[in-house]
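A quick write-up on the structure given underneath.
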Amino acid sequence: MVKPIRKAILPVAGLGTRFLPATKAVPKEMLTVVDRPVVQHVVDEARAAGIEHIVFVTGRNKGVIEDHFDRQYELEDTLNERGKTQMLAMLREETMGPGATSFTRQQLPLGLGHAVWCARDIIGNEPFALLLPDMLHKPANGKGCLGQMVQAYARTGGGNHIAVYEVPPEQTDQYGIVGLGEEMADGVHKIARMVEKPKKEVAPSNLAISGRYILQPEIFDLLATQERGAGNEIQLTDSMLKLAQTQDFYSVTFDGAIYDCGSKLGFLMANVAYALDNPEISGAFRPELDALLGRG
């Protein structure tokens, strides 16, 4: 029987230097896309996919993330007294229950692989999801990216799964790129190769890794002994390549839109896209946006 995916890791220890000075006192994960922090959008995706426990790998000055996912009795009492029942119900629905979140520190900036390794004792000996909070995946058909991956995981009988999406061929040297093998289902393939930032002339495809993973727990043993790689950091890709020698890896092609909220352009595009999709403001926002573009 395939073990279910119950836990997820969210690495949120980054400094957010590309957004200074905004991130000098506010974690980049708490910058808002419309009316909710970026990290809340990612948690929503995880919970919709059936994740029961989320492990946040944090760093210094990230305590506000923990506060955000905690209950705020004073706020709830105020909303209740003012009769704002709909808003109160929304807050309570989005608050994760007792024991459903864990927070552990990545005390040194040693890369994504090290951040994942920091969560090893909380995850234990079971497969887990990994979601990079910079990357927002906006579904095209109502099914979130991790939800699609969990379906593929069940269909293939387990293994390791990586979400991918198409990028322009001339941009392959900016991403981890996969080469496809046997097709297992619509949009799901065995991965034949994984190459870090290849030039377009040698890239096995234009399918880039998008920041969503399902990994088997054996990755922790590999990360524990992984030598530092690019940037003098412990690279997750290096350990995945070793794991791929003994375990199957599959790609799941995401059919929605992806916004890199670690960049200013991606963050702004995400705000526009999510605002246009928000029924509360889209009707007023669209003509304002059209008027602004018309003045350009």
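Cut-off under 28 Å on the C-alpha distance; same-chain residues fewer than 8 positions from Lys190 excluded. Which lysines are left, in chain and number order? Cα-Cα hits under 28 Å: Lys3, Lys7, Lys138, Lys143, Lys199, Lys200, Lys242.
Measuring nothing but protein heavy atoms, the accessible surface of the stretch 1-159 at 1.4 Å probe radius is 50 percent carbon and sulfur.
Near Ala257, the amide H atoms lying under 5 Å from its own belong to Lys138, Ala140; only residues 5 or more places off or on other chains count, and H is placed 1.01 Å from N.
In this Cβ point-charge picture (+1 for Lys and Arg, -1 for Asp and Glu), the chain has a dipole of about 380 debye about its Cα centre. Summarising the strand pairing of the stretch 1-121, around 15 percent of its internal DSSP beta bridges are antiparallel.
Working note: 222 nm ellipticity from helices only, DSSP H runs with n ≥ 4, each -39,500 (n - 2.57), summed and divided by the residues of the chain, gives -9500 deg cm²/dmol to the nearest 500. Accessible surface comparison of Lys264, Lys24, Lys138, probe 1.4 Å, protein chains only, largest first: the order is Lys24, Lys264, Lys138. The three principal axes of the C-alpha atoms in the stretch 19-174 carry coordinate ranges of 54, 37, 36 Å, sorted with the longest axis first.
Sorting the Cα pairs of the stretch 211-269 by distance into bins of 5 Å, from 0 upward, gives 4, 14, 20, 16, 17, 15, 11, 3, 0 percent per bin.
About its Cα centre, the stretch 143-249 has a charge dipole of approximately 160 debye under the convention of +1 per Lys or Arg Cβ and -1 per Asp or Glu Cβ, with nothing else charged. For Tyr73 and Glu201, what does the FRET efficiency come to when R0 = 41 Å and r is the distance between their Cβ atoms, rounded to the nearest 0.05? Computed FRET efficiency for Tyr73 and Glu201: 0.10.
Rolling a 1.4 Å probe across the protein heavy atoms gives the chain an accessible surface of 52 Å² per residue.
Please sort 161-173, 100-112 by packing, taking for each peptide the average over its residues of neighbouring beta carbons within 10 angstrom, highest first.
Put in order of decreasing packing, that is 161-173, 100-112.
With a cut-off of 13 Å, note down the residues of the stretch 232-256 whose backbone N falls inside the zone around a label point 7 Å from the Cα of Asn141 toward its beta carbon. Only 253-256 pass the distance filter.
The values are calculated or read from the model by the stated rules, or taken from the named source; none is laboratory data. It should be emphasised that the depicted structure is a prediction, and the values quoted were computed from it without experimental measurement. Neighbour counts are summed over all protein chains in view; Cβ atoms, including those assigned to glycine, are modelled from backbone coordinates with ideal geometry. For the accessible areas, the whole protein counts, side chains as well, though only heavy atoms, and no ligand, DNA or RNA atoms are used. Shrake-Rupley method; radii C 1.70, N 1.55, O 1.52, S 1.80 Å.
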